[in-house]
Amino acid sequence: MTQDNRLPAGGLIDRSRTLSFEFDGKTYTGHPGDTLASALMANGVTLLGRSFKYHRPRGLLAAGSEEPNALIQLERGAHTEPNTRATAIELYDGLNACSQNRWPSLKYDIGVVNSWLSRFFPAGFYYKTFMWPERLWMTYEHVIRRAAGLGVSPRLPDPDRYEHRHDQPELLVVGAGPAGLAAALSGARAGKRVVLVDENPQLGGSLLGSRDTIDGQSALDWVAGVRAELAEHPCVRVLTRTTLTGYFDYNYLIATEHVTAHLGPQASDDLPRQRLWKFRAKSVVLATGAIERPLVFADNDRPGILLASAVRTYQHRFGVLPGRRLVVFTNNDSAYSTAIDAASAGVAVTLVDCRDTAGDAAERGADAAGVTRMMGSAITGVSYRNGLQSVDVMALSADGTRVDGPVQKVPCDSACSSGGWNPAVHLHSQAKGKLRWLEDTHTYAPAACASTMPHSSVGACDGEFSLDQALNAGWAAGGATGPAPSAERVASIGALRPLWVVPCDHPVGEGPKKHFHEFQNDATAADLWLAQREGFESIEHTKRYTTTGMATDQGKTSNVNAIGILASSRGITVPEVGVTTFRPPYTPLTFGAIVGQNRRHLFHMVRKTPIHDWQADHGAVFEDVGDWKRARYYPKPGEDMDAAVRRECQAVREGVGLFDASTLGKIDLQGEDVAWLLDMLYTNAWGGLAVGKCRYGLMLNEHGMVFDDGVTTRVAENHYHMTTTTGGAARVLGWIEEWLQTEWPDKRVHATSVTEQWAVMALNGPRARAVLEALTEDDVSNDALPFMGFKEIQLAGVPARVFRISFTGEQAFEVNVPARYGRFVWEQMVAAGAAHDMVIYGTETMHVLRAEKGFIIVGQDSDGTMTPSDLDMDWIVSKKKADFLGKRSLTRSDTSRDGRKQLVGLLSEDPSLVLPEGAHVVSELRAAPPMPMIGHVTSSYFSPNVDGGRSIALAVIQGGFKRKGDWVDLPLIDGRRVRAKVVDPVFVDAAGERVKS
Amino acid sequence: MNTFPTPVARTPLADLPLLLGALSLEERPLSGKVSLRGNAGDSAFVEALSARFSGALPTQVGQRVESGQASLWCLGPDEWRLQCELDAVEDTLAQLRDAFGQCHASAVDVSDYYTELALSGQATRDVLAKLTPLDVSAEGFPAGSQAATRMAKCSVLLHMVRDDQAVLCVRWSHAEYLWDYLCEAAREYNH
């Protein structure tokens, strides 16, 4: 393939190098500086996709990110990315792209029958046709999604890297066209921290596709000068290839920077493919320019029909034109530059202007360049057969509603139109800014903005279309003193004739020709009228019913045309129609950019105790508990979990076991009022606790429901050490702080988290003391350190706090040492324990041992709806205390009623059957669910220590205390029906003697 | 009488290879850290501290004063972090508790609660900016600044020691995650 449409000279491309790329399996060439779009145009490829609904052939409309048609599936396999705009893809060597939404091929697409059947696909056709019968919707949807769709999402994990980065500019300038460059330069000279972002690879914006002069030099030379000066300022950051996609509250904005995406798949192992910038900007200058809108004329969607400004951009930036015979159709003066510049490059240009006269300068320029002008005329039809053949031109009536006279066929191979300009108000709109209607240029421009999102709009995005004004406004927004850059004042649009729908030789919407205002979602003027006839008058309703301006397009080229069409058909003014809201993102961003670095091991922290590595080295199997990894069991060779846990459980009851309890929450409490605070936090009384003593407590929320439990120890006069559940550590500290700060600010208590200060090792079992004694010369006898006592000792040469508390019902010591000595002391214990056949056990064994004693685990046996009474723990609720948190709720009618679920033990009829946790207890077995459910199993294990080995369970059952001794039924999820006996939940050492030994 | 081997102290990142290059990352030796709570308006509390710290008690959040081998850093309206040599913690705690007397104040040893990572090199601020929404530019966070902030998903006490060095004080159990995150963020500067 040769680049037939490439002009012999011109453009900002590097002609000394040739790049090879593939589109739909064919190989083409282009140059560095090309986009995929310009390279395809150079190669004469005009057919780039099929339309969303009707599968009509589509080509390029635009040259920038507003392109609605040329959506491309870029690359293959894991690197594939759907819905990328050909106009925004920089060409690189080896690029591989495919068109979308066609089957079996782009040229012969079977979905085109949708177009022939288009009268069955009117606006709202989803809602009308396929919602009945309802049961078939799932089938319909599947077919429709395939037929009317965009690209294909990747099926493989994304191999690329992405990252987030924060920045806090004083001045964030969005858009590096003339206004944005002037603002950035001005801000830089004023000494501000400036960030300038632009979606293009080069600075310059509209200047890249023009022949203007600024400050007496060519626009491109001026841009180069600004770029050089900005590079000198240390506080200025210039980000090209960066799209500002979202503008959120308090000037928080996000932008996607294409760091290596333009270089092809996996261009760098060290750089991210894309970087998501998160800006918190003091002030924002929007210089996002304007987007040309097409004229809505008959079959205006045919490939080869572009926007007028796009043709000019392709010529000046890429040295390429879409053909040799160009028709330019316009209602304003701006398209004259396109006609003149194309004619100067040797193209035969016919200019169809719906006005009778244009501006003097425009007319003179066109005539001088040899452009054929057809004034007061309109395009009424397009001949397309594997390319544009000709357009039909007729005279337009004075009121713009009819065309008359003979049809003139103008042969051509390309065409373009200009229906005026829409300031790119998207970001302003995202920032909750209001819009104002400009009567002279017939378009919306920014008005007031929300005070929480201070920004200004300058240049074309403010509805100011002359270059000189844009430079002035940008300069003023940047804050520098001194004269602004200046340019020749050009009235670029002139007197625009609004012509929202261009009539043709049959009534619009009633013949074969279609008038598209919205290309990406395939919506026509007739669709808008239909929506209106069916009562969807509000612009927001119309938008959704016709899908105008939805999804990835966000109405960039279509929105104002749609509003204009509605206004003219309803006979009201455009502002009376109202506007829709533009939503982020401005252009789609990848999930990779949203996720950033936060994946795999960086998705979330894995918290490990100081003893973790030893456990891993010794074969521990870990489980997740909150963010922590906790050793669950330590299988010996050949053991499964059941075998390991039985061995560990037995060893603890018969000898001694060692357990890592470091993850327990720990809070240091100091102050005169700690005892008072504990009385409020816990249900039991704390006044009498002596120094050196521990006490267990339950915490309730205001509703009287148990939310945490633990042991608190008085280590000194006004100094306490509280423990919480592993998962409840942060919640309890927050709870304490909330009450201290909001309700009891006069109380003298300081609460400090010390969870990670201490490594905690629990020695449990009849020989626990023996192991401890081997490691200390301090007296840890039952007299010196009795059950529920506390003592500070030297253990293996390390200062340790030892608590005589037990979660197993055995003689137990919880040893706390500074975390840095955790591993060392653990190893000393392991060594000392060897003489006593000490077992190392994990959380699973801990769970079994505590269940044998009927000790609850908050969050497993309780679920936020259990009172102490429900848990059979009335004994721990003080009847004497005047108040504690949750007290008043315990006497509410619902919390004190009979028939609440109550914690009991369960023994299955078959002692070898371990009931599944969560199994339902029912009051009546039926053939099939539903059955009246009266409770469920909360904890269930095989206990080697009960009755020589049998299953045990805890359950919550309605009125459970009164059912003790009864048999209940449990229909299991696998279909089995089993019976279990309701019993007391304490299965081992009911007298509680062992713990005191 | 039993004899025990000399206790061995370990830190959470002891086994990780250092990151060395244009940027370097290392875990600092464990320092002494004491969490102080009290009322800056209570003269007894202020005097108790000034006995140990020459100069005024810092009361602006982020403000830090140094005194010999120790520093005192204001973390909140009633919260300070005292940093000293690890060996000095025990004496410091005892002295402070004595000095506090009857005033409502607390001193808690949190030396092992946190570890400190030192990140050094030209691109230090660039790396930090990938982890925190805090303004860590040379203008917004000049050398000597400190702040409690969020970095990735961790709470971090961040100290900009020099323009090209930051010290990040992080929870023991978050340290490995933060380390890995920093290594990933530093990748583009260390080839």
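Laboratory data are not the source of any read-out in this text; all were calculated from the coordinates shown. On a predicted model such as this, the values are computed, not experimentally measured, just so you know. In this analysis, Cβ positions are derived from the backbone assuming ideal geometry, glycine residues included, and neighbour counts consider all displayed protein chains.
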Using only Cα atoms, locate the centre of segment A:291-315 and the centre of segment B:21-42, then give the distance between them in Å, rounded to an integer.
63
Is there a quick way to get the dipole size of segment B:32-109? I mean about its Cα centre, with the Cβ of Lys and Arg at +1 and of Asp and Glu at -1; what is the value in debye to the nearest 20?
220
Which net charge results when you count Lys and Arg as +1 and Asp and Glu as -1 among the other residues whose beta-carbon is under 13 Å from that of A:Ala358?
-2
Listing B:Leu18, A:Leu528, A:Leu906 from the residue with the fewest other Cβ atoms within 10 Å to the one with the most, what is the order?
B:Leu18, A:Leu906, A:Leu528
7 Å from Cα along Cα→Cβ at both A:Trp875 and A:Val978: what's the point-to-point distance in nm?
2.9
Spin-label model distance (nm) - B:Glu66 vs A:Met375, 7 Å beyond Cα toward Cβ
8.1
Euclidean distance of C-alpha centroids, segment A:221-254 and segment A:170-197, integer Å
6
Taking a threshold of 31 Å on the Cα-Cα distance, which of the pairs A:Lys853/A:Lys962; A:Lys666/A:Lys887; A:Lys666/A:Lys981; A:Lys693/A:Lys962; A:Lys629/A:Lys887; A:Lys666/A:Lys853 fall above it?
A:Lys666/A:Lys981; A:Lys693/A:Lys962; A:Lys629/A:Lys887
Distance between segment A:55-95 and segment A:333-375 - C-alpha centres, whole angstrom:
31
Let me check against my output: what whole-number percent is the relative contact order of segment B:32-109, with C-alpha pairs under 8 Å and at least 6 apart?
43
If you restrict to DSSP beta bridges whose two residues both lie in chain A, what percentage is antiparallel, to the nearest 5?
75
Given charges of +1 on the Cβ of Lys and Arg and -1 on the Cβ of Asp and Glu, with all other atoms neutral, how large is the dipole of segment A:259-366 about its Cα centre, in debye to the nearest 20?
540
Simple spin-label model, 7 Å along Cα-to-Cβ: A:Ala730 to A:Ala716 in nm?
3.0
Over chain A, calculate the relative contact order: mean separation of alpha carbon pairs under 8 Å at least 6 apart, over the residue count, as a percent.
9
By counting other Cβ atoms within 10 Å of each Cβ, how are A:Lys636, A:Lys981, A:Lys901, A:Lys282 ranked from fewest to most?
A:Lys636, A:Lys282, A:Lys981, A:Lys901
Relative contact order for segment A:493-557: what is it in percent, counting Cα pairs under 8 Å that are at least 6 residues apart?
23
Taking the Cα centre as origin and putting +1 on Lys and Arg beta-carbons and -1 on Asp and Glu beta-carbons, what dipole magnitude results for chain A, to the nearest 20 debye?
1320
Relative exposure of A:Glu737, A:Glu717, judged by other C-beta atoms within 10 Å (fewest first):
A:Glu717, A:Glu737
